[in-house]
Amino acid sequence: MSAYFAPAFFSHLLGKCLRREHPVLEVSKLGFVVLGTFAAVWWPYLYSTNSFLEVLSRLAPFERGIFEDYVANFWCATSILIKWKRLFTTGPLKLISFSATIISCFPSMVQQIKSPSNKGFLYALLNCSLSFYLFSFQVHEKSILLPLLPATMLAMEEPFIFKWFMKFAMLSMFPLICRDGLIVPYFALLALFILVLNTPGRRRVRENNYFYNYLGATTIRLILFCSLILHIVYLTMQAPKKYPFIFEAMIMNLCFSQFVIVTIGCNMKQWMLNKNVKLDEIEKKHI
């Protein structure tokens, strides 16, 4: 799961090295440290080919298929129309999944190589981890917690996106939480989260970002209403025998659509950081 953040670290550190006085030397030093770390971590398993392959099989359980259960990522959401497991064997699916993941990470990585910054790095962590969640092979429902980490660090910068993403990240795990008998803790934490965000006297951050304006108040209310209805329906109604997982599929597709919107919006915001930097530089020159 650490691979979710690897492209962001790689691109940010590479971008920093390329801006040093001796970029080739700095990149070589970075490569030496990375390779040395890999060698130290893998050294105990290199005594035989079998042990090495055993570790790889546990890190990437390809035999389970491209997805399990109902996870709010691309492969599961589109499987309603495209039966990926029937159309492709595991080999081609691994290549397609790997290519889709790298391509979706690419814009965020390029931005950090061109203009590395602390704020851009946080956006890169969020965008790359979301790309892995949406497109990588064999994603678990709880993996959405990984993009939530950088989203939390950006909460003051993007308050609306953080709140929106948190709500649907929790909803995406709701079927799993119900199966584990954690309904009461789920609603208790959700209520606490909403209470903390709306505490009287808390310093308000004006919601003037593109994301909020693009969706609009009516659309936001409608989506939240759908989310509430899905909670109630999942807890109180029995799915028809012909479609036993219809409620899970509805929850998954709603969450997937919101994760895609968040990913596109945050990639746009990351690239907008370059414009802000250029404007600052122009203003300094005039001063």
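Here region 20-49 is the region considered, the condition is being at pLDDT below 85 and of a type in the set (S, T, N, Q), and the residue that is farthest from residue 114 (Cα to Cα) is 48. No other residue among 131, 143, 117 is hydroxyl-bearing (Ser, Thr, Tyr) and at pLDDT below 90 apart from 143.
In contact with a Phe, Trp or Tyr (Cβ under 6 Å, 6 or more places away or on another chain) and free of Cβ contacts under 8 Å to residues at least 12 places away in the same chain, is that true of residue 51? Give the derivation first.
Details: in contact with a Phe, Trp or Tyr (Cβ under 6 Å, 6 or more places away or on another chain): yes; free of Cβ contacts under 8 Å to residues at least 12 places away in the same chain: yes.
Criteria met by residue 51.
When restricted to residues that are within 30 Å of residue 272 (Cα to Cα) and modelled with pLDDT of 75 or more, region 198-233 contains 8.
Rundown of residues vs (1) in contact (Cβ under 8 Å) with a residue 24 or more places away in the chain; (2) among the aromatic types (Phe, Trp, Tyr); (3) open to solvent by less than 70 Å² (accessible area, probe 1.4 Å), yes/no style:
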residue	(1), (2), (3)
12	yes, no, yes
15	yes, no, yes
63	yes, no, no
95	no, no, no
113	yes, no, yes
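Select, from 51, 108, 57, the only residue that is within 30 Å of residue 23 (Cβ to Cβ) and either of a type in the set (D, E, K, R) or open to solvent by less than 60 Å² (accessible area, probe 1.4 Å) (or both). Show your work before the answer.
Values: 51 fails: within 30 Å of residue 23 (Cβ to Cβ); 57 fails: within 30 Å of residue 23 (Cβ to Cβ).
Matching residue, one of 51, 108, 57: 108.
Within region 68-90, can one find any residue that is farther than 30 Å from residue 141 by Cα and open to solvent by less than 70 Å² (accessible area, probe 1.4 Å)? Among the residues of region 68-90, not one is farther than 30 Å from residue 141 by Cα and open to solvent by less than 70 Å² (accessible area, probe 1.4 Å), which makes the answer no.
Among the residues of region 225-254, what is the count of those that are in contact (Cβ under 8 Å) with a residue 12 or more places away in the chain, more than 24 Å from the chain's Cα centre (by Cα) and in a helix (DSSP H, G or I)?
3
The values are calculated or read from the model by the stated rules, or taken from the named source; none is laboratory data. Because the structure is a prediction, the values reported are computed rather than measured. When we count neighbours, we look across all protein chains shown, and the Cβ atoms used for this are built from the backbone with ideal geometry, even at glycine. Side chains included, ligands, DNA and RNA excluded: accessible areas come from the protein's heavy atoms. Shrake-Rupley method; radii C 1.70, N 1.55, O 1.52, S 1.80 Å.
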